[in-house]
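Structure first, commentary second.
The values are calculated or read from the model by the stated rules, or taken from the named source; none is laboratory data. Everything numeric in this text was worked out from a predicted model, so none of it was measured. Positions of Cβ are generated from backbone atoms using ideal geometry, with glycine treated the same way; all protein chains shown enter the neighbour counts. Side chains included, ligands, DNA and RNA excluded: accessible areas come from the protein's heavy atoms. Shrake-Rupley method; radii C 1.70, N 1.55, O 1.52, S 1.80 Å.
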Number of protein chains: 2
Amino acid sequence: MGTMENEPTHACLGEQHAENGVAVQLPDPLVCARTAAIFRALGDVSRLSLLALLAQREMCVSELTEKLSDNLPAISQRLKLLRSERIVRSRRQGKHVYYSLADNHIALLISNGLEHGSEEPHG
Amino acid sequence: MGTMENEPTHACLGEQHAENGVAVQLPDPLVCARTAAIFRALGDVSRLSLLALLAQREMCVSELTEKLSDNLPAISQRLKLLRSERIVRSRRQGKHVYYSLADNHIALLISNGLEHGSEEPHG
DNA sequence: CAATGAGTTGATTGATTGATGAATTGATCG
DNA sequence: CGATCAATTCATCAATCAATCAACTCATTG
């Protein structure tokens, strides 16, 4: 819109904000982007349910379909998205394609999240 | 399997899927829903950048606005959403409202995520 | 109590995104 | 090879979501 580039609408006029003397460092935009992408991928009930199963053991698409009482193309779509974010890995064996969590870091992220979700009293 | 209700489009016909003999337990839908909501809230670059700042120390809305070079209403909106998910807490002091991460569990979730996002080579 | 600065709320709009089902590929076996 | 089961891909449509800005609240100060 304006030629005024990036002018903040509001700001504490002239106030010094380092009240406690501790300077903060801006997060790396690239790191934030990658991390947010992962969180976004985990932030869907269907996908998270799927991952909660894969956190227990490797499973093929049809078994996931069966356990989640959903249709196979839907599961496959979700797995594709999760694989594009390197959250799951796939391995073909005959007619079946087996999926598992990509690494232990992801497994921890998921179990920590689920733990938090379990503990929450309510709201 | 009795009636036609909820018939999956595809399934491994008659195959036994517990090849390794380990039964999986379905995740609690309520836990999944709450956890997914938290992950979804973390899964946005603007919100995550904001949280990365709050992970360092408590800050008021204007300081966040300044550090993130954004406009105040936008920041406030994001904080509102994060507060509704109990990810941040707010505390008023005079004209200023100070925000911080809601609890240590959330702080860990965020720092673990960012750590993962830093390590990833790329693709 | 008027003025000002800090923050919130509400409504609208544009962009993402997830669900769905048909068509396609890949693999095994008779 | 042709049949069949497993899985992926593609395109469309509806629902969700984030940005934006004006209007409003709340607290302080002159």
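Just a few scattered comments:
- Across peptide A:93-103, the mean count of Cβ atoms from other chains lying within 10 Å of each residue's own Cβ comes to 1.
- Compactness of region B:26-104 is given as radius of gyration and Dmax, 13.4, 49 Å, from Cα positions.
- Annotation for B:SER111, label-to-label distances across the other copies: 2.0 nm (shortest first, one decimal, point 7 Å from Cα along Cα→Cβ).
- Cα→Cβ-extended label distance, 7 Å offset, between B:LYS80 and A:ALA33, nm: 2.9 nm
- For the peptides A:61-74, B:82-95, the ranking by mean Cβ contacts within 10 Å, running from highest to lowest, is A:61-74, B:82-95.
- Region A:45-119 - percent of accessible surface contributed by carbon and sulfur, probe 1.4 Å: 45 percent
- Reachable lysines, given that their alpha-carbon falls under 21 Å from the alpha-carbon of A:LYS95 and they are not under 8 places away in the same chain: A:LYS67, A:LYS80
- Pairwise centroid distance, computed over Cα atoms, of region B:27-75 with region A:25-100, Å: 23 Å
- Using a 7 Å Cα-to-Cβ projection, A:ALA23 label spacings across copies, nm, ascending: 6.0
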